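Enquirer: One structure, as structure tokens, below. Some questions next.
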């Protein structure tokens, strides 16, 4: 699996959220650098679970769309003309 890389603004927002979480939920202050390390840890060690779930969700959505497409094609079929 490729390393999870966030855009600069996404990474900054995630770090801000980690700091806010520590402040709001744990009544602790965490500096920017420790928050960055924590984000990197989660991305490397836990991110794969979310990534894999995202792949499974995307696969399920694709299967549903393919079923819809199969049904749409079936509806386009014409009955053979019977000779009388």
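The values are calculated or read from the model by the stated rules, or taken from the named source; none is laboratory data. This is a predicted model, so every value here is computed, not measured. Cβ placement follows ideal geometry from the backbone for every residue including glycine, while neighbour counts extend to all protein chains displayed.
Enquirer: Looking at (1) surrounded by 10 or more Cβ atoms within 10 Å (Cβ to Cβ); (2) in a helix (DSSP H, G or I); (3) within 20 Å of the chain's Cα centre (by Cα), can you tell me which one residue 49 breaks?
Expert: Residue 49 satisfies all of (1) surrounded by 10 or more Cβ atoms within 10 Å (Cβ to Cβ); (2) in a helix (DSSP H, G or I); (3) within 20 Å of the chain's Cα centre (by Cα) except (1).
Enquirer: Can you give me the number of residues within segment 1-20 that are under 21 Å from the mean Cα position of the chain (by Cα), modelled with pLDDT of 95 or more and either surrounded by 12 or more Cβ atoms within 10 Å (Cβ to Cβ) or farther than 18 Å from residue 54 by Cβ (or both)? First the steps, then the outcome.
Expert: Taking segment 1-20 as the starting set, the residues that turn out to be under 21 Å from the mean Cα position of the chain (by Cα) are 1-18.
Pick out the ones that are also modelled with pLDDT of 95 or more and you get 7-18.
Within this subset, residues satisfying the condition of being either surrounded by 12 or more Cβ atoms within 10 Å (Cβ to Cβ) or farther than 18 Å from residue 54 by Cβ (or both) are 8-9, 11-18.
Going through segment 1-20 one residue at a time, the tally reaches 10.
Enquirer: If a residue has to be free of Cβ contacts under 8 Å to residues at least 40 places away in the same chain and closer than 24 Å to residue 2 by Cα to count, how many in segment 18-69 make the cut? Can you show your working first?
Expert: Step one: list which residues in segment 18-69 are free of Cβ contacts under 8 Å to residues at least 40 places away in the same chain, which gives 18-42, 45-46, 49-50, 52-69.
Narrowing further to those that are closer than 24 Å to residue 2 by Cα: 18, 33-42, 45-46, 49-50, 52-62.
Of the residues in segment 18-69, 26 are free of Cβ contacts under 8 Å to residues at least 40 places away in the same chain and closer than 24 Å to residue 2 by Cα.
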